[in-house]
Amino acid sequence: MTTKPFGIVISSHVPALAEGIVTLLKEVAKDVSITYAGGTDDDQVGASFEKIQQAVMDNEADELFVFYDLGSAKMNVEMVIELSEKTIHLMDVALVEGAYTAAALTQGGASFETITEQLQPLTIKSRG
Amino acid sequence: MTTKPFGIVISSHVPALAEGIVTLLKEVAKDVSITYAGGTDDDQVGASFEKIQQAVMDNEADELFVFYDLGSAKMNVEMVIELSEKTIHLMDVALVEGAYTAAALTQGGASFETITEQLQPLTIKSRG
Amino acid sequence: MFTVENTTKWLHAFHEKVQANQSYLSELDSAIGDGDHGTNMARGLAEVERKLKENSFESPQEVLKMAAMALISKTGGASGPLYGTALLEMSKQVAIDPDHIGKTVEAGLNGILKRGKATTGEKTMVDVWKPVVESLMAEQQLSKERIHQFVSETKEMKATKGRASYLGERSLGHLDPGAVSSGYLFEAMIDGGILS
Amino acid sequence: MFTVENTTKWLHAFHEKVQANQSYLSELDSAIGDGDHGTNMARGLAEVERKLKENSFESPQEVLKMAAMALISKTGGASGPLYGTALLEMSKQVAIDPDHIGKTVEAGLNGILKRGKATTGEKTMVDVWKPVVESLMAEQQLSKERIHQFVSETKEMKATKGRASYLGERSLGHLDPGAVSSGYLFEAMIDGGILS
Ligand SMILES: Nc1ncnc2c1ncn2[C@@H]1O[C@H](COP(=O)(O)OP(=O)(O)O)[C@@H](O)[C@H]1O
Ligand SMILES: Nc1ncnc2c1ncn2[C@@H]1O[C@H](COP(=O)(O)OP(=O)(O)O)[C@@H](O)[C@H]1O
Ligand SMILES: [Mg+2]
Ligand SMILES: [Mg+2]
Ligand SMILES: [Mg+2]
Ligand SMILES: [Mg+2]
C-alpha cells in the first residue's frame, strides 16, 4: 500500500514506452503508486479509454497526476476524468521529465503546491 | 536505406522506454533512420557510453538529432559526440515530444532550420 | 425529427460508409498523421453495430447515448473522445427537442469544440461540423454537394490541432481524415432519412 | 610529482576504497538519487583494475588516459563522463608538467566543470574538487581532515545539478554521493604517495 498522498498515471500510445517510464520513475519513487495505460485494447499503437480508466482505478492513491504523450491520449484521459470520482490533475507537461519530477518530489514528501510549481516550467503542450 | 538527411537517436536510462519511443516515432516517420541506446551494458537502468556510441554508428544518417531523458545520459552523449565524426545536434528538449516533432518533420522533408525552430519551444532542460 | 428508427438507420449507414472506405481513411491519415483513422473509426462503429443488434431502444436519445459510450470505449485515438462527446451532447439535446435537427447537430459540434479546443480553419472535423450547423440553422437542410464542399476545403488548410499540426506547412494539400469521416456521418444522416 | 608507480598505486587505492564502501555510496545515492553510485563506480574502477593488470605503462599520462577511457566506457551514469573527463584532462596536464600536483588536479576539476556545468554550492563532486584544488595551490598539501570537511559540507547544500536537483529543498541534510567518492579519490592520492 502506498504511503504517499499522490499517485501517478502514465498514458502513452505505446505499451513499452509507458512501462519504461514506470521503470525510470520507480528508481526514485519506490513508495509512490504508479500505474500506466499503453496502446490500444489489443496492444497496438494508440490510445485506449478503457486502459486509462483501468490505470486510474488500479492506482492506490485517490489524488492523481496524469501525464500523456500526445493529444489523442489527452482527450481520452479527459473523458476518464469526467467519469471518475478521484481527484485528477491532467498535466500538460513534458511526459518523461514531468512524470520523473512529480515522482521524485512525491517520494520526497513534497506538497501539491511544490509539485505543481516545479512542473510549471515543463509545460509545453498546447495543441489538442 | 534512409532517404532523409537527418537521423534520430534516442538515449534513455531504460531499454523499454527508448524502444517504445522508436515505435511511436516510426508511426509517423517510416523513412527516417531512428536508433536508440537504452540502459546500461547489462540492460539495467542507467546510461551506457558504449550503447550510445553504437546507436550513433548504427544510424544510417550522417547528421543526427540526439534526444535524452536525464542529465547523466546527456553527459554520456556529449562524450560520444566528441569522439564521433558525424554531425550531431544534442537537443535539450522534452524527450518524447521533441523526438516526435523532429521525426514527423524529417519525414515531411523539413529543413534543419524548420526542425530546430519547431523544437525551440520544447526546450526544458537546464540541469546537468 | 429524430426517431429511434431514423437514428438507427443513420448509424448503420455511417458504419457502412466507414467500413467501405476504411483503408481510404487510413491512407489519408498516413499522409498527415499516423495512418489509423480508418481502423479507429471501424473499430468504434463495429461496437456501435453490436450494441444496436443486442439491444432495443425506447427513444433516440437512448440510441445516441449507447453509440456515444461505444465510440468512447472502443474507438481509441483522438476520434473516439471527439465523436463520443459529440454524440453524447446530441443525445442530451435530442431529449429536450427531438424536432430541431440543427440544434441537435449544434450540440454535437459544441461537444467537439469542448473536447478538442479547435476552432474553424485548424484542419479538423470542426471544419465540416461548423458549416453543416450553419447550413442547417439558416436553411433547415443540407445537400451532399455542400458536405463535399466543406470536406474538400480542408485540403488547403494548415493543420494547427491534432497530430497533423506537427507537420506545419507540410500538412497543406491533403484532406483531413476526420473531416472526411465527418462527411460520411452527415451523408449518412441524409441516407438515413433524418435530413432530406 | 606523478610517476607511473604512484599513479598506479593511487588508482588501486581508489578502487579498494570504492569497493569497500560500494553499498554505502549506493545508499547515499538512494536518499537523493537513484541508488546506483556505488555500483557505477565499482563497475568503472573494476575495468581500470583490469587494464592496469593487463598492460604496462611508460608514463603517468598513459596510466591516466587508460583509466579515463575505462571509466568513460564502463561506469555509466553521470559519474562516468565526469570522472572520465577529469582523468583525461589530468593526463594531458601531467604530460606538460608532472611535478605540479595542484595544476594537474586543477585540470581535472576543469574537465568536470566543462562536462557537468556545475559551480560550487550545487551539491556535487565539484564541492570537493574545487576546495581541494585551492588547498593544493595555496599550501601545496592536503590532509584527510580537510577532505572530510569538504565532503561533509555538501550535507547542508541544496542540490541544483544532477538527479538530486529534482528534490529541491528535500536534498538538504544528505551527503552528496559523488562528493563522498571524490573524497575517496583524494584520500587515495595521499595513501598512494602522490600527496603527503
Ligand atoms: N483537437 C482536435 N479538435 C478537433 N478534431 C481533432 C482534434 N485533433 C484531432 N482531430 C480530428 O481527429 C482526426 C484524427 O483521428 P484519429 O486518426 O482517429 O486519431 P489519432 O490522431 O489519435 O490517430 C483528425 O483528422 C481531426 O479531424
Ligand atoms: N552536472 C554535474 N556536475 C558535477 N557533478 C555532477 C553533476 N551531475 C551529477 N554529478 C555528480 O554525480 C553523482 C551521481 O553519480 P551517479 O549516481 O553515478 O550517476 P547518476 O546520477 O546518473 O545515477 C552526484 O552525486 C554528483 O556528485
Ligand atoms: Mg490517426
Ligand atoms: Mg492514432
Ligand atoms: Mg545515481
Ligand atoms: Mg543512475
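The residues packed around C:His15, meaning those with a beta-carbon under 12 Å from its beta-carbon, carry a net charge of +2 if Lys and Arg are +1 and Asp and Glu are -1. Hydrophobic, long helices, defined as DSSP H runs whose alpha-carbon span along the helix axis is 20 Å or greater and whose mean Kyte-Doolittle value is at least -0.5, occur in chain D at D:60-74, D:79-96, D:101-116, D:177-191. For region A:44-88, GluC sites (Glu not before Pro) are listed when DSSP marks them as loop and at most 12 other Cβ atoms sit within 10 Å of their Cβ; the list is A:Glu85.
Send over the semi-axes of region D:104-196's equivalent ellipsoid, whole angstrom and largest first, taken as the square roots of 5 times the C-alpha gyration tensor eigenvalues.
Working: eigenvalues 108, 40, 20 Å².
Semi-axes from the Cα gyration tensor: 23, 14, 10 Å.
Our note on the geometry: Cα centres of region B:5-69 and region B:87-128, 14 Å apart. Position C:His148: other-copy label points at 8.9 nm, ordered by increasing distance, label point 7 Å along Cα→C-beta.
For the protein assembly as shown, the calculated P(r) over all alpha carbon pairs, in 10 Å bins from 0 to the bin holding the longest distance, is 3, 15, 23, 20, 15, 10, 7, 4, 2, 0 percent. What is the log10 of I(q)/I(0) for region D:23-127, computed with the Debye formula using one identical point scatterer on each Cα and no solvent, at q = 0.20 Å⁻¹? Relative scattering, expressed as log10 I(q)/I(0), comes to -1.05. Taking every residue in B:92-101 and counting other chain Cβ atoms within 10 Å of its Cβ, the average works out to 5. On the rotation that sends chain A to chain B, the chain A Cβ lying closest to the axis gives residue and distance in whole Å as A:Ala94, 2. For region D:4-192, calculate the relative contact order in percent as a whole number, restricting contacts to Cα pairs under 8 Å that are 6 or more residues apart. After rounding, I find 23 percent. Among B:Ile8, B:Ile34, the order by Cβ neighbours within 10 angstrom, fewest to most, reads B:Ile34, B:Ile8. The Cβ shell under 14 Å around D:Ile96 holds other residues with a net charge of -1, Lys and Arg each +1, Asp and Glu each -1.
Just to check, using Stokes-Einstein with a Kirkwood Rh over alpha carbon pairs, what's the diffusion coefficient of region D:4-192 at 10 °C and 1.306 mPa s in µm²/s? Don't skip to the answer; put the middle values down first.
Values: Rh = 16.2 Å.
Stokes-Einstein gives a translational diffusion coefficient of 98 µm²/s.
Looking at this model, which pairs from A:Lys74/C:Lys17; B:Lys86/D:Lys51; B:Lys74/D:Lys158; C:Lys92/C:Lys144; D:Lys123/D:Lys144; A:Lys74/B:Lys26 are more than 24 angstrom apart at the alpha-carbon? All intermediate terms of the calculation are to be shown ahead of the outcome.
On the way: A:Lys74/C:Lys17 28 Å; B:Lys86/D:Lys51 29 Å; B:Lys74/D:Lys158 22 Å; C:Lys92/C:Lys144 26 Å; D:Lys123/D:Lys144 20 Å; A:Lys74/B:Lys26 20 Å.
Over 24 Å apart, Cα to Cα: A:Lys74/C:Lys17; B:Lys86/D:Lys51; C:Lys92/C:Lys144.
Peptide B:40-52 shows a mean partner chain C-beta count of 5 within 10 Å per residue C-beta.
Each copy carries C:Thr120; placing its label point 7 Å along the C-beta direction from Cα gives inter-copy distances of 6.6 nm, listed from smallest up. Each Lys and Arg contributes +1 and each Asp and Glu -1, all at the Cβ; summed about the Cα centre of region B:6-122, the dipole is approximately 220 debye.
No lab work stands behind these numbers, since they all come straight from the coordinates. Source: prediction; values computed, not measured. Counting neighbours? That spans all protein chains shown, and the Cβs are built from the backbone with ideal geometry, glycine included.
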